[in-house]
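Peer 1: Sharing a structure with you now.
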Amino acid sequence: MRFIIYDLEATCWLGRPPGGLNEIIEIGAVMVDPTGEILDSFSKFVKPTINPRLSGFCKKLTSITQENVDRADLYPKVIQQFQEWIDIWDHDYRLCSWGQYDKVMLTDNCALFKMETEWLEPSTDLKSEYHEIKGEHKLTGLKNTLKKEGFEFTGIQHRAISDAENTAKIFVKYVDEWRW
């Protein structure tokens, strides 16, 4: 079993998205084995199509530049690379994200490009699972959870690879306690 601890960044505005959809602009992931060993990482930018110009708010929040996404491949190609990196055809895997938003984003972006979503089914919301493990009812954000667990946030907040690496710290700490 491969555990894919992933995070996404998406187009964003202070209000509702023009065109009604936030598009993924970055995928970051860490591959972890059942013993908690980190095997590999994945980090790619994605070129948005509905709203190809990033808002000032989005650039400031994520530190992703217009040049980063302009040079990137479109979603279908990046998702194919992500699936190949996971090796979804030959290995058992579970997609793990901090919250449900990331799976919804993948599903919505696959629908935009008329792509299959079956590969998203082995998914776990680590945020909810973590709070069940701890017996807590109030869900907390990643940064506060890291601090509570004695970890420092490393990297750049609201960058997919950094958020995935930080989520992996919590995943590895409780590697034997997650329920599938």
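The values are calculated or read from the model by the stated rules, or taken from the named source; none is laboratory data. Small disclaimer: the values here were computed from a predicted structure and weren't measured. Neighbour counts are summed over all protein chains in view; Cβ atoms, including those assigned to glycine, are modelled from backbone coordinates with ideal geometry.
Peer 1: Just wondering, is there one or more residues in the stretch 138-154 that are out of contact with any helix residue (DSSP H, G or I) (no Cβ under 9 Å at 6 or more places or on another chain), assigned to a loop (DSSP other than H, G, I, E, B) and within 22 Å of SER43 (Cβ to Cβ)?
Peer 2: No, the conditions are met nowhere in the stretch 138-154.
Peer 1: Of the residues in the stretch 81-91, how many are touching a strand residue (DSSP E or B) at 6+ places or on another chain (Cβ under 9 Å) and either in a helix (DSSP H, G or I) or basic (Lys, Arg) (or both)?
Peer 2: 4
Peer 1: To continue, here is another question. Of these, MET31, MET1, which one is closer than 23 Å to TYR93 by Cβ, touching a Pro at 6+ places or on another chain (Cβ under 6 Å) and of a type outside the set (D, E, K, R)?
Peer 2: Details: MET31 fails: touching a Pro at 6+ places or on another chain (Cβ under 6 Å).
Testing whether each residue is closer than 23 Å to TYR93 by Cβ, touching a Pro at 6+ places or on another chain (Cβ under 6 Å) and of a type outside the set (D, E, K, R) leaves just MET1.
Peer 1: When the stretch 1-40 is examined, which residues are found to be touching a helix residue (DSSP H, G or I) at 6+ places or on another chain (Cβ under 8 Å) and either at pLDDT below 95 or not in a strand (DSSP E or B) (or both)?
Peer 2: THR11, CYS12, TRP13, LEU14, LEU21, ASN22, GLU23, GLY36
Peer 1: Step by step: first the residues of the stretch 92-137, then only those that are of a type in the set (S, T, N, Q) and part of a loop (DSSP other than H, G, I, E, B), then the one that is farthest from GLU165 (Cα to Cα). Which residue is that?
Peer 2: The qualifying residue farthest from GLU165 (Cα to Cα) is THR117.
Peer 1: Now for a separate question. Could you give me the residue pairs with C-beta distances under 6 Å whose first residue belongs to the stretch 41-68 and is aromatic (Phe, Trp, Tyr), whose second residue is assigned to a helix (DSSP H, G or I) wherever it lies, and which are 6+ apart or on separate chains?
Peer 2: Here the result reads PHE42/TRP85; PHE45/ASN68; PHE45/VAL69, each pair linking the stretch 41-68 to a residue that is assigned to a helix (DSSP H, G or I).
Peer 1: Checking the conditions here, which among LEU146, LEU95, LEU142, LEU120 is closer than 17 Å to ARG2 by Cβ and crowded, with 16+ Cβ neighbours inside 10 Å?
Peer 2: The unique qualifying residue is LEU95.
Peer 1: Contact list please: Cβ distance under 8 Å, first residue in the stretch 104-126 and under 22 Å from TRP180 (Cα atoms) and of a type outside the set (Gly, Ala, Ser), second residue crowded, with 18+ Cβ neighbours inside 10 Å and at pLDDT below 95, pairs at least six apart or on different chains.
Peer 2: MET105/ASN22
Peer 1: If you take the residues of the stretch 127-139 that are without any contact (Cβ under 8 Å) to a residue 24 or more places away in the chain and of a type in the set (Lys, Arg), which of them is surrounded by the most Cβ atoms within 10 Å (Cβ to Cβ)?
Peer 2: Ranking the candidates gives LYS134 first.
Peer 1: Now, a different point. Answer yes or no as to whether GLU165 is at pLDDT below 95, under 16 Å from SER97 (Cα atoms) and outside any loop (DSSP other than H, G, I, E, B).
Peer 2: no
Peer 1: Moving to a separate point now. Within the stretch 62-76, does at least one residue satisfy the condition of being surrounded by 15 or more Cβ atoms within 10 Å (Cβ to Cβ) and over 17 Å from ILE27 (Cβ atoms)?
Peer 2: Checked the stretch 62-76: no residue is surrounded by 15 or more Cβ atoms within 10 Å (Cβ to Cβ) and over 17 Å from ILE27 (Cβ atoms).
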